[in-house]
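Visitor: Quick one: the structure is below, questions incoming.
The values are calculated or read from the model by the stated rules, or taken from the named source; none is laboratory data. Just so you know, these numbers come straight off a predicted model, no measurement behind them. Note that we place each Cβ from the backbone using ideal geometry, even for glycine, and neighbour counts take in every protein chain shown. To get the accessible areas, we keep the full protein, side chains included, count just its heavy atoms, and leave off ligands, DNA and RNA. Shrake-Rupley method; radii C 1.70, N 1.55, O 1.52, S 1.80 Å.
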Amino acid sequence: MSRSTPELRTTTKKDPTVVIIVSYNQPQYLLDCLDSLYRQNTTNFTALVIDNNSRETGFLDEAARRFPRAVIVRERSNWGFAKANNIGMSWAIKHGAKNIVLLNHDTEVDASFLEEGLKVLNRAEVGLVQSKLLLYDVASNKRTKLINSAGNKLHFLGFGYVGDYLKPDSPEFSKDQQITYASGAALFIKADLAKKLGGFSLEYFMYHEDLDLSWRARLLGYEIWRAGRSVVWHKYSFSRNPIKFYYAERNRLLTLLKNYRLLTLLLLLPFGLVFELCLILASIPRGWLGAKLASYWGALKLFDTTWKERRVIQRQRRVSDKDIIQLMTYRLVFPGQAESIPLKAINVLGRLYRALVLGLLS
């Protein structure tokens with residue numbers, strides 16, 4: 001958690017659930033998000049807005065006027081997703097919250113969003129829960145019935161991506177179901193688990209924080225579920241750019257280093273090196289070679305910090321890598337895009353190599 005959590009004003013009552021919304025620019029998104037949140041079937045929650053030093057701040061004044069129950073914090077720096085949410089989680093724990101909900105500011109929620117998510121979270125074995133994420137069509141200003149994520153997928157080499165993207169919503173997705181990892185766009189976590197995990201790793205800044213948090217919760221023996229009747233509409237569009245590529249690749253390497261045992265890392269190394277070569281070659285025509293090479297340097301600079309985290313994680317873990325990898329996929333998918341012939345070949349090799357590693361692990 002953040003070591004410099006500010007003293008925020010307290011709420012008029014101690015609510016068992018704190019909903020944390022990190023905002024950064026895009027003022028209308030926050031106002032729409034809060035408007036939908038305060039239409040919940042329950043009022044037994046506190047909304048905590050952490051603003052990451054948005055350029056324009058008039059919308060925060062409007063939010064305070066329209067939603068007087070909300071706690072609004074104006075940061076003087078852009079801390080990124082990880083630290084801003086850690087500030088919020090520290091505040092929630094300090095103020096006696098039992099449950100913490102992380103909600104993207106570019107979302108709108110169903111009236112039973114909180115109730116349905118908390119029903120699943122309150123099961124003894126569950127540590128994290130993700131809502132069913134549907135797409136919101138910004139162009140037409142309409143909520144759709146297309147899946148954004150029904151539970152994120154995790155490749156055994158650390159690649160994460162949204163699950164069931166663009167599929168039509170159906171009764172199948174309204175069921176509560178175990179998933180590999182929970183999207184940070186609408187994530188429920190027990191406050192005692194958030195404290196135990198120390199929140200997000202601050203080094204990540206953005207991308208893969210939710211993947212890493214979910215993985216570490218798994219290692220402690222907690223289950224991760226989708227709450228199918230907890231519905232959120234996300235103003236999301238899949239995009240790729242050099243900055244996102246850099247952070248995603250750097251953080252993927254850090255996550256692998258922290259969470260796998262050394263034996264597992266050694267077993268994965270041959271296929272991992274082949275995969276790295278493919279990524280380097282694929283980055284050249286896009287003009288992203290510099291970002292890819294920089295991700296290695298970025299990970300190397302954080303090696304000492306990551307190794308210290310690793311020691312704690314490996315000492316506390318209760319679940320084997322074999323059990324973790326069995327939950328992972330061998331398929332790498334780019335949401336919304338057809339599987340190319342080279343990618344099909346890589347995925348076939350991935351299936352075979354994953355089976356080999358599982359056979360060698362005890």
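Visitor: Restricting to the range 307-329, give me the number of residues that are in a helix (DSSP H, G or I), of a type outside the set (A, V, I, L, M, F, W, C) and open to solvent by less than 70 Å² (accessible area, probe 1.4 Å).
Guide: Pass one, the range 307-329, residues in a helix (DSSP H, G or I): 307-316, 321-326.
Narrowing the set further to residues that are of a type outside the set (A, V, I, L, M, F, W, C) leaves 308-311, 314-316, 321-323, 326.
Next cut, open to solvent by less than 70 Å² (accessible area, probe 1.4 Å) only: 309-310, 314, 321-322.
The number of residues fulfilling the criteria is 5.
Visitor: Working carefully through the options Trp225, Trp233, find the one that is part of a strand (DSSP E or B) and within 15 Å of the chain's Cα centre (by Cα).
Guide: On the way: Trp233 fails: within 15 Å of the chain's Cα centre (by Cα).
Unique residue meeting the criteria: Trp225.
Visitor: Still on this structure, I have one more. I'm trying to understand the selection: among the residues of the range 83-110, which are in contact with a Gly (Cβ under 8 Å, 6 or more places away or on another chain) and among the small types (Gly, Ala, Ser)?
Guide: Ser90
Visitor: Return the pair list, or none, for Cβ contacts closer than 6 Å from residues in the range 263-283 that are closer than 13 Å to Leu349 by Cβ to residues that are surrounded by 15 or more Cβ atoms within 10 Å (Cβ to Cβ) and hydroxyl-bearing (Ser, Thr, Tyr), at least 6 apart or on different chains.
Guide: Going by the 6 Å Cβ cut-off, the qualifying pairs are Phe271/Tyr353.
Visitor: Here is a follow-up. If you scan the range 71-121, which residues turn out to be in contact with a Cys (Cβ under 9 Å, 6 or more places away or on another chain) and open to solvent by less than 10 Å² (accessible area, probe 1.4 Å)?
Guide: Going through the range 71-121, the residues in contact with a Cys (Cβ under 9 Å, 6 or more places away or on another chain) turn out to be 103-109.
Leu103, Thr107, Val109, listed by residue number.
Visitor: Continuing with this model, one more query. Any idea which residue in the range 45-69 is farthest from the chain's Cα centre (by Cα), counting only those that are under 15 Å from Ile100 (Cα atoms) and free of Cβ contacts under 8 Å to residues at least 60 places away in the same chain? Please lay out each step first, then the result.
Guide: Pass one, the range 45-69, residues under 15 Å from Ile100 (Cα atoms): 45-50.
Filter once more, keeping what is free of Cβ contacts under 8 Å to residues at least 60 places away in the same chain: 46-50.
Details: Thr46: 21, Ala47: 19, Leu48: 18, Val49: 18, Ile50: 17 Å.
Here the residue is Thr46.
Visitor: Related question: Which of the residues that make up the range 330-354 are assigned to a helix (DSSP H, G or I), in contact (Cβ under 8 Å) with a residue 24 or more places away in the chain and within 21 Å of Leu263 (Cα to Cα)?
Guide: Leu349, Gly350, Tyr353, Arg354
Visitor: Looking at the range 268-290 only, could you name the residues that are open to solvent by 20 Å² or more (accessible area, probe 1.4 Å) and more than 27 Å from Leu360 (Cα to Cα)?
Guide: Of everything in the range 268-290, those that are open to solvent by 20 Å² or more (accessible area, probe 1.4 Å) and more than 27 Å from Leu360 (Cα to Cα) turn out to be Ile280, Leu281, Ala282, Ile284, Pro285, Arg286, Gly287, Trp288, Leu289, Gly290.
Visitor: Right, another one. Out of the residues in the range 126-153 that are of a type in the set (A, V, I, L, M, F, W, C) and open to solvent by 10 Å² or more (accessible area, probe 1.4 Å), which is farthest from the chain's Cα centre (by Cα)?
Guide: Going through the qualifying residues, I end up with Ala139.
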